[in-house]
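Written out below as structure tokens is the structure these notes cover.
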Amino acid sequence: MYGAGQNIQYKGISIQDDTSGNNYSTLKKRGVTVVFSDPNGKEIARQKHLTNDYGTFNGSFTAPSDRVMGRMTIHTDGEPNGAAQVSVEEYKRPKFQVAFDPAKEAPRLGEEVTLTGKATAYTGAAIDGAKVRWRVVRQVRFPDWWYWWRGWQMPQRNSQEIAHGVATTDRQGQFSVSFSEPVFTFAVTADVTDTAGETRSANKSVSAGYTALQASLSADSWQTAKKPVEITINTRSLDGEPRPAEGKIRVYRLQQPDQVHRAEIGGRYRQRRAAADGSEASPDLSNPANWPLGPQVAEKPFATGDTGTAQVSFELPAGAYQAVAETQDRFGKPVTARLQIKVIDPDAAKFAIKIPFEFSAPKWSLEPGEEFLAIWGSGYDQAQAYVEIEHRQNIVKAFWTDPAVTQTKIIYPITEELRGGFTVRVTMVRENRAYITAQHVDVPWNNKQLAVKWERFVSKLMPGQKETWIDVVSGRD
């Protein structure tokens with residue numbers, strides 16, 4: 001962000017790329033006209049440049065003070081195209097700052113919550129006798145698993161101011177804010193005005209719920225029957241601070257439907273349609289998140305410790321599962337976390353989960369010399385998909401899968417020519433539904449990345465010695 005009258009420096013590089021020939025170069029001795037425009041698109045100033053032997057140019061503009069402030073644009077006039085945006089605002093140098101301290105203990109509903117704030121000058125001195133106007137706004141926050149468990153019903157999340165007041169900073173520049181009331185997030189704002197009339201503000205979010213602990217489960221999306229499933233559990237206060245907890249993680253196999261259900265069209269449309277006729281929207285059984293729990297297949301204890309994190313592994317065959325973590329907060333209230341897990345067998349000829357379409361891979365960024373691997377699968381007894389691999393607008397590989405084989409490996413070797421990445425598209429049509437996915441696979445240009453640093457040497461044995469500077473350039477090798 002710049003203030004009116006400040007110097008705005010810019011630098012550009014002019015390049016040309018031949019994607020078909022895999023040739024990229026800079027444009028030297030090329031004329032470039034750079035224009036500085038205000039938020040309304042009116043020209044403020046312009047400059048002409050000639051790129052150097054490395055294709056670069058640089059210059060500067062002065063931020064204006066005679067027009068509306070806001071987002072301004074520095075762009076080229078004509079070829080080659082390029083633009084950048086800068087923000088020019090009225091600026092007044094602040095003399096002090098305001099900050100809130102974290103809550104000492106995780107609060108819960110029904111208890112009084114007290115936050116301590118402090119106003120200090122940038123010299124470190126306390127701002128005493130300043131007037132404080134504070135307010136607390138309550139917001140509802142639902143647990144992460146709620147959205148997939150009840151995802152077809154959108155929750156109401158209205159905010160409401162529940163408290164406000166005034167205070168005065170003490171000799172240490174401190175003041176306190178106290179208030180009491182799924183999880184509610186309380187947004188606390190304090191506006192502090194010192195004796196000179198300058199006002200500074202601070203914001204702090206404090207969460208309180210019927211429990212004083214939240215737990216979450218996570219795992220990689222790519223899980224195979226060949227390796228144990230590593231599940232990470234995190235236990236935090238409602239404000240995100242690590243909290244130790246003990247409990248158990250149980251893994252349940254999901255009850256698959258008798259047959260594959262085709263994907264529904266438009267979740268919100270289904271919800272409005274159900275509301276119009278007074279019925280309840282039925283769950284979408286093409287999504288395993290809506291399948292009921294089946295038998296328990298595994299159980300292990302966990303203890304997160306002071307870091308609030310622990311890992312537990314399970315050996316699971318191919319299928320759809322749900323992991324459920326159960327623990328309790330410091331008041332003895334139960335706390336639950338859930339996680340959907342999908343395990344596949346890459347070597348199988350039949351996809352083991354009754355969903356209409358699956359496309360996944362262990363990773364989407366690879367290096368030359370590696371081999372790209374992805375899995376297409378369908379829970380139908382017979383299914384066929386069309387696979388395309390596109391590189392720089394050219395189809396380099398395309399094929400139909402065998403209709404009798406409902407799980408297929410997509411394999412493609414990564415070469416230097418694939419730098420910049422490629423796209424894999426998979427298309428399947430079944431029961432009047434089109435399942436189309438396009439995934440970019442990144443092959444980064446890290447062979448062109450350089451690290452540059454300076455090393456400085458000066459002899460301390462004699463005064464007035466010359467300094468020696470060494471420029472060290474290193475790459476991947």
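Loop only by DSSP, 14 or fewer other Cβ within 10 Å of the Cβ. Give me the trypsin sites (Lys or Arg not before Pro) in the range 300-380 that pass, ordered by residue number.
Within the range 300-380, the qualifying trypsin sites (Lys or Arg not before Pro) (loop, at most 14 other Cβ atoms within 10 Å) are LYS350, LYS363.
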* **Inter-probe distance in nm under a simple model that places probes 7 Å from Cα toward Cβ, at ALA438 and VAL396** => 1.7
* If you take the beta carbon distance between ILE470 and ILE411 as r and set R0 to 45 Å, what does 1/(1 + (r/R0)^6) give as a FRET efficiency, to the nearest 0.05? -> 0.45
* **Selection from ALA361, LEU450, TYR252 lying farthest towards where the dipole of the chain points positive, charges on Cβ** => LEU450
* **MRE, 222 nm, helices only [DSSP H, n ≥ 4, -39500 (n - 2.57), over the chain, to nearest 500]** => -1000 deg cm²/dmol
* Tell me, what ³J(HN,Hα) does each residue in the range 380-393 have, in order and in whole Hz, if you take phi through Karplus 6.51 cos²θ - 1.76 cosθ + 1.60 with θ = phi - 60° and put x for Gly and Pro? -> 5, 5, 9, 7, 9, 10, 10, 10, 10, 10, 10, 10, 6, 6
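What's the FRET efficiency of SER65 with SER218 using the Cβ-Cβ distance as r and R₀ = 45 Å, to the nearest 0.05?
0.35
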* Mind listing the phi-derived Karplus ³J(HN,Hα) values for the range 120-126, rounded to whole Hz, using 6.51, -1.76 and 1.60 with θ = phi - 60°, and x for any glycine or proline? -> 9, 6, 5, 7, x, 6, 6
* Asked: How large is ³J(HN,Hα) for each residue in the range 172-178, as worked out from phi by the Karplus curve 6.51 cos²θ - 1.76 cosθ + 1.60 (θ = phi - 60°), to whole Hz, x for Gly and Pro?
  -> 8, x, 9, 8, 10, 10, 10
* Report, by chain and number, residues whose modeled amide H sits under 5 Å from the one on ASP239, excluding near sequence neighbours (fewer than 5 apart, same chain). => SER207
* **Amide H contacts under 5 Å for THR224, placed H, 5+ residues apart** => ILE344
* What is the gain in length, in nm to one decimal, between LYS460 and GLU198 on full extension, counting 0.36 nm per residue of separation less the C-alpha to C-alpha distance? -> 89.4 nm
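Each value in this text was obtained by applying a stated rule to the coordinates, not by laboratory testing. Just so it is clear, the structure is predicted and the values come from calculations on it, not from any experiment. Cβ: placed from backbone, ideal geometry, glycine included. Neighbour counts: every protein chain shown.
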